[in-house]
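**Student:** I have a structure I would like to understand better, so I am pasting it below and will then ask my questions one at a time.
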Amino acid sequence: MAKAPAKAKSVTPPSPKPKWAASKIEKWPVERLKPYERNARTHPERQIKQLRSSLLRFGFTIPLLVRADGTLIAGHGRLEAAKAENYTSVPVIVANGWSEEDCRAYTLLDNKLGEGSKWDTGLRALEVADLAGLGCDLSTFGLKVADPAGLNTEAQIGGLKYAVIIRELTEQQQGELMERFEGEGFKCEALIS
């Protein structure tokens, strides 16, 4: 009896090369742009103020990503800040060749992807303190020397106290952090477990 021929294994084709949204940055008038109506990310006034401070200090460092018709894909908060600062034109990248699905999906992903990163609070605190020592005031961007890691070491929520516990450092490193935080006005205590 003859053997049935073996079925060919299914081979997944290689992924297509990544798309480039555009090969150049263009400058468009603000009135040509419109927010995506279903943008799920909101931008509180506090954040818009921080974005405005960033624009005043550094200018535009990240262009807006837009559809050919001017609908925003990414950069809603930056556009709000630019309008508040009376910008008449802003840098954009046009997502040529993107499907409706690509545009909508990236609007969600652009906002979601940044949430996955975390601060190295020790390095952040050092950088903020060093910049403050050089006379650079980062408080308008939401970073304060008195609160170097962006966290309160002790606070009250509904009458409950909470504290930040730093683990995985040597005893010497923890002692140095405690000294520095106490010097900046934080209440510190060592817990040994």
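The values are calculated or read from the model by the stated rules, or taken from the named source; none is laboratory data. Everything numeric in this text was worked out from a predicted model, so none of it was measured. We work out accessible area using only protein heavy atoms, side chains counted, and drop any ligands, DNA or RNA first. Shrake-Rupley method; radii C 1.70, N 1.55, O 1.52, S 1.80 Å.
**Student:** Under 5 Å between amide hydrogens, which residues at least 5 positions from LYS144 or on another chain qualify, with H placed 1.01 Å from N in the peptide plane?
**Tutor:** GLY150
**Student:** Let me cross-check THR61: its accessible surface, 1.4 Å probe, with only protein heavy atoms counted, in Å² to the nearest 10?
**Tutor:** 100 Å²
**Student:** Residue separation times 0.36 nm, minus the C-alpha to C-alpha distance between ARG180 and ARG41: what's the value?
**Tutor:** Full extension from ARG180 to ARG41 adds 46.4 nm.
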